[in-house]
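Worksheet for the structure shown next.
The values are calculated or read from the model by the stated rules, or taken from the named source; none is laboratory data. All values reported here derive from a predicted model rather than from experimental measurement. Because the Cβ atoms are built from the backbone with ideal geometry, glycine has one as well, and the counts that use them run over all protein chains shown. Heavy atoms of the whole protein, side chains included, go into the accessibility calculation; ligands, DNA and RNA do not. Shrake-Rupley method; radii C 1.70, N 1.55, O 1.52, S 1.80 Å.
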Amino acid sequence: IEVQSAGDLSVSNSGDIVAGSGLNSYYNGDNGYTYYFGTQVATGINATSNGEGAAVSVTSSGDISADGIFGASGIAATSGGLGGTASVSNSGNIYVSQNQKYGYGAYGIVVSADGDGSIDNSGLIDVYSGGVASGATALSFAGNASVTNSGDINAVSGYWATGIDVRGFGDATVENSGSVYANGGKYAFGVYATAGTGDVSVTNADGGELGFYSYSGRGWGVFGYATLGDVNVTNDGAISGYAYGQSAGIFGRAGLGDVNVTNTGSIEVISGGNVAVGVFARADNGSVTVDNSGDIYAGVEGVNGYIGYAAYGILARG
């Protein structure tokens, strides 16, 4: 489904969509070339408006499959005009794959707006990429960005995997009560949230699960960074993961504001050969508060039996 408008735009889908034929390749030993057959770029639903103040809205309850060589998206909603807003509500199953490490990657749901951008997912999002994979991405260049998830999100990549990615010029908000898992070759983030002038707020509710795995680099369950505002992270559920490099359950950092972390759930992180931190709260110019009544475990396995790095349950710097 491809829809373009200079004004408001609305898409409602309850059917099944298959876009793209994927990647097939073989190696010709005589001349050394690899031949590719299939769809270059695949998108299940693409809704775009460039009108000032335009509202772009997509609602989907059907199953969507998108498979492309250099890029693939399940649902993409864009409102590029001044003050435009974009939102996606999904309750269906989304499968996205992009096997090449080159290209723009694979995205389950991606929302981009000049004003507010939001995603509400209660379905399954399963994303695979040879390069960059993201389950749910919400971007706002002059407003607020938010993702609410009660479904299952899996992002697997050969380089950078993010379950939920939220970046707002104003506030960046994530509310999770479902299951989110990121498996990246070098970088893996369950939740990645940044705010420019506003606050970062991440809540992993009771019953919510955030997981990560990185076999060669760093992995964080929750990463929140606010340039000017505060960072607030609450975990009432479970956060767990392994990274060969730096491993952190919650990493909250504020440039000018404060960092507040509350944990009543469980956090378990392991590093294969670097620093492991259950909660790392850092305010460069503000105050740090960590309130823990849950369970935190941080461990370093070491490389070839040698342990040369530290493990911290809670590390706070204000």
Spelling it out for ASP8: with amide H atoms placed in the peptide plane at 1.01 Å from N, the residues 5 or more places away or on another chain with amide H under 5 Å from its amide H are ALA55
HN-Hα couplings for region 14-19 via Karplus (6.51, -1.76, 1.60; θ = phi - 60°), in whole Hz with x for Gly/Pro, come out as 10, x, 9, 10, 10, 10
The percentage of the accessible area of the chain (probe 1.4 Å, all protein chains present) made up of carbon and sulfur atoms, to the nearest whole number, is 46
Rounded to the angstrom and largest first, Cα extents along the principal axes for region 187-257 equal 34, 28, 11
A correct Karplus calculation of ³J(HN,Hα) over region 154-170, with 6.51 cos²θ - 1.76 cosθ + 1.60, θ = phi - 60°, whole Hz and x for Gly and Pro, returns 10, 10, 10, 8, x, 10, 9, 10, 9, x, 10, 10, 10, 9, x, 5, x
Note on region 237-318, DSSP bridge orientation, antiparallel percent to nearest 5 equals 5
Counting Lys and Arg as +1 and Asp and Glu as -1 over every other residue whose Cβ sits under 14 Å from the Cβ of VAL222, the net charge comes to -2
The ³J(HN,Hα) series, computed from each phi in region 284-293 with the Karplus coefficients 6.51, -1.76 and 1.60 at θ = phi - 60°, rounded to the nearest Hz and given as x for glycine or proline, is 5, 9, x, 9, 10, 10, 10, 10, 10, 10
Under 5 Å from the placed amide H of VAL18, counting only residues 5+ away or on other chains, we find SER65
Region 211-318 accessible area per residue, 1.4 Å probe, protein heavy atoms, integer Å², reads 42
Given 57-70, 105-118, the highest-first ranking by average Cβ count within 10 Å works out to 105-118, 57-70
For ILE94, the residues 5 or more places away or on another chain with a placed amide H closer than 5 Å to its own amide H are ILE64, LEU124, ILE125, ASP126
The answer for region 68-114, accessible area per residue at 1.4 Å probe in Å², is 31
Sorted on mean Cβ neighbours within 10 Å (highest first), peptides 7-16, 131-140 come out as 131-140, 7-16
For the chain, the percent of all C-alpha pairs falling in each 20 Å bin, from 0 up to the bin holding the max distance, is 34, 54, 12, 0
Of all DSSP beta bridges with both partners in the chain, the antiparallel percent, nearest 5, is 5
